[in-house]
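**Q** Got a structure here, written out as structure tokens. Questions coming.
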Amino acid sequence: MSSPSLWLPRDERARPSFALEPKSFANLTALPQEPNWLWQGFLAPGMLTMLAGHPFAGKSLLVSGLLQAFETGEPLLGRKIKPASVLLITEEDQAVLRERAGRFDLFGIRSEYLDRSVSVGHEWSALIAGATKQALTKKHQLLIIDTFTGLAGLGDEQENDAGAITSRLQPLQVAAGMGLAVLILHHMNNANQPRGSKAFRGVVDISTRFLRKQRSRIFRLETETRSTTSIAGSLRAELIQAPDGWFYRALDRGSNTTKAPGQ
């Protein structure tokens with residue numbers, strides 16, 4: 001049977017369903033050479049960042065420290081922070097979130113979350129479209145997905161399917177195109193590389209590996225970016241578990257220490 005679109009006049013078939021407005025390359029001169037970083041070198045509006053690490057390595061803990069830094073505006077791991085708020089979409093339950101919130105003094109922050117009671121079991125595109133709308137309505141600057149594989153409904157075989165990965169990343173690219181910074185948490189394989197298809201690195205703007213030896217409080221962030229003006233490289237840090245609050249300390253020379261309020 002012929003496609004219904006073939007019944008239309010030729011000029012109607014060629015007409016797009018939305019208005020296309022090409023931009024002049026001259027407009028690019030008005031843009032700053034460096035992105036408007038929320039977290040210097042890692043997160044910026046309009047960019048999609050991937051943070052990959054082994055399960056239980058500490059990625060979600062780092063996100064908690066990041067939420068605290070966005071609230072206070074203090075540098076994190078020696079990199080500048082712009083005060084901001086976040087919409088976190090997580091597959092974890094409220095009990096785990098409460099424990100981390102207590103460790104990093106997050107109970108009074110402006111950022112918000114959607115836990116597994118809302119995030120799990122929903123159609124992926126609809127979930128991200130709804131979250132993007134909520135983030136923009138609430139004037140959040142950053143959308144965090146923890147974890148991408150768990151929430152996007154990817155099976156083991158689909159993780160290696162470039163088409164499946166690209167289609168799941170597309171709603172996040174749309175969110176970034178609407179001005180949000182987007183961060184996805186993902187798992188690594190035994191070779192310490194992001195698990196699954198190489199399509200991840202082909203789509204994301206910044207790829208960061210979270211590397212930590214088992215039972216060690218010291219970790220390293222290894223960052224790659226497609227931009228020649230962005231900060232890339234290695235950053236070593238330590239998680240300090242103090243009785244009155246947890247905080248991160250940068251171990252690289254010249255970096256700053258970021259503590260929880262009251263430290």
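The values are calculated or read from the model by the stated rules, or taken from the named source; none is laboratory data. Model, not experiment: these values are computed from the prediction. Cβ atoms come from the backbone with ideal geometry, glycine included; neighbour counts cover every protein chain shown.
**Q** Identify, by number, the condition in (1) buried (at least 19 other Cβ atoms within 10 Å of the Cβ); (2) farther than 21 Å from LEU143 by Cα that ASN192 doesn't meet.
**A** Status for ASN192: all satisfied but (1).
**Q** Can you name the residue in the range 142-161 that is among the small types (Gly, Ala, Ser) and within 16 Å of the chain's Cα centre (by Cα) and, of all such residues, is modelled with the highest pLDDT?
**A** Checked the range 142-161; the qualifying residue modelled with the highest pLDDT is ALA152.
**Q** When you look at ARG201, is it touching a strand residue (DSSP E or B) at 6+ places or on another chain (Cβ under 8 Å) and either at pLDDT 90 or above or surrounded by fewer than 18 Cβ atoms within 10 Å (Cβ to Cβ) (or both), yes or no?
**A** Values: touching a strand residue (DSSP E or B) at 6+ places or on another chain (Cβ under 8 Å): yes; either at pLDDT 90 or above or surrounded by fewer than 18 Cβ atoms within 10 Å (Cβ to Cβ) (or both): yes.
Against the criterion (touching a strand residue (DSSP E or B) at 6+ places or on another chain (Cβ under 8 Å) and either at pLDDT 90 or above or surrounded by fewer than 18 Cβ atoms within 10 Å (Cβ to Cβ) (or both)), ARG201 qualifies.
**Q** Across the range 96-141, which residue is nearest to GLY177 (Cα to Cα) among those that are at pLDDT 95 or above and among the β-branched types (Val, Ile, Thr)?
**A** Top of the filtered list is THR132.
**Q** Can you pull out every residue in the range 73-88 that is on the phi > 0 side of the Ramachandran plot and touching a Ser or Thr at 6+ places or on another chain (Cβ under 8 Å)? Give the derivation first.
**A** Step one: list which residues in the range 73-88 are on the phi > 0 side of the Ramachandran plot, which gives 73, 77-78.
Those that are on the phi > 0 side of the Ramachandran plot and touching a Ser or Thr at 6+ places or on another chain (Cβ under 8 Å): LEU77, GLY78.
**Q** Sort out which residues of the range 74-83 are closer than 19 Å to ALA101 by Cβ, surrounded by fewer than 21 Cβ atoms within 10 Å (Cβ to Cβ) and in contact with a strand residue (DSSP E or B) (Cβ under 7 Å, 6 or more places away or on another chain), and write them in order of number.
**A** Correct list: GLU74 only.
**Q** Does ARG212 satisfy being at pLDDT 95 or above and of a type in the set (D, E, K, R)?
**A** yes
**Q** Sticking with this one: So which of THR137, THR132, THR90 ends up being without any contact (Cβ under 8 Å) to a residue 40 or more places away in the chain, β-branched (Val, Ile, Thr) and farther than 16 Å from PHE42 by Cβ?
**A** Within the list THR137, THR132, THR90, the selection yields THR137.
**Q** Pull up the range 162-187, narrow it to residues that are over 21 Å from LEU88 (Cβ atoms) and crowded, with 16+ Cβ neighbours inside 10 Å, then point me to the one that is nearest to the chain's Cα centre (by Cα).
**A** ILE165
**Q** Which one of GLY53, GLY41 is buried (at least 18 other Cβ atoms within 10 Å of the Cβ), on the phi > 0 side of the Ramachandran plot, in contact (Cβ under 8 Å) with a residue 60 or more places away in the chain and in contact with a strand residue (DSSP E or B) (Cβ under 8 Å, 6 or more places away or on another chain)?
**A** GLY41
**Q** In the range 142-167, what residues are in a helix (DSSP H, G or I), farther than 24 Å from SER64 by Cβ and hydrophobic (A, V, I, L, M, F, W, C)?
**A** If we filter the range 142-167 for residues that are in a helix (DSSP H, G or I), which is where we start, we get 148-152, 158-160, 162-167.
Then keep just the ones that are farther than 24 Å from SER64 by Cβ; that gives 158-160, 162-167.
Listed by number, the residues that qualify are ALA162, ALA164, ILE165.
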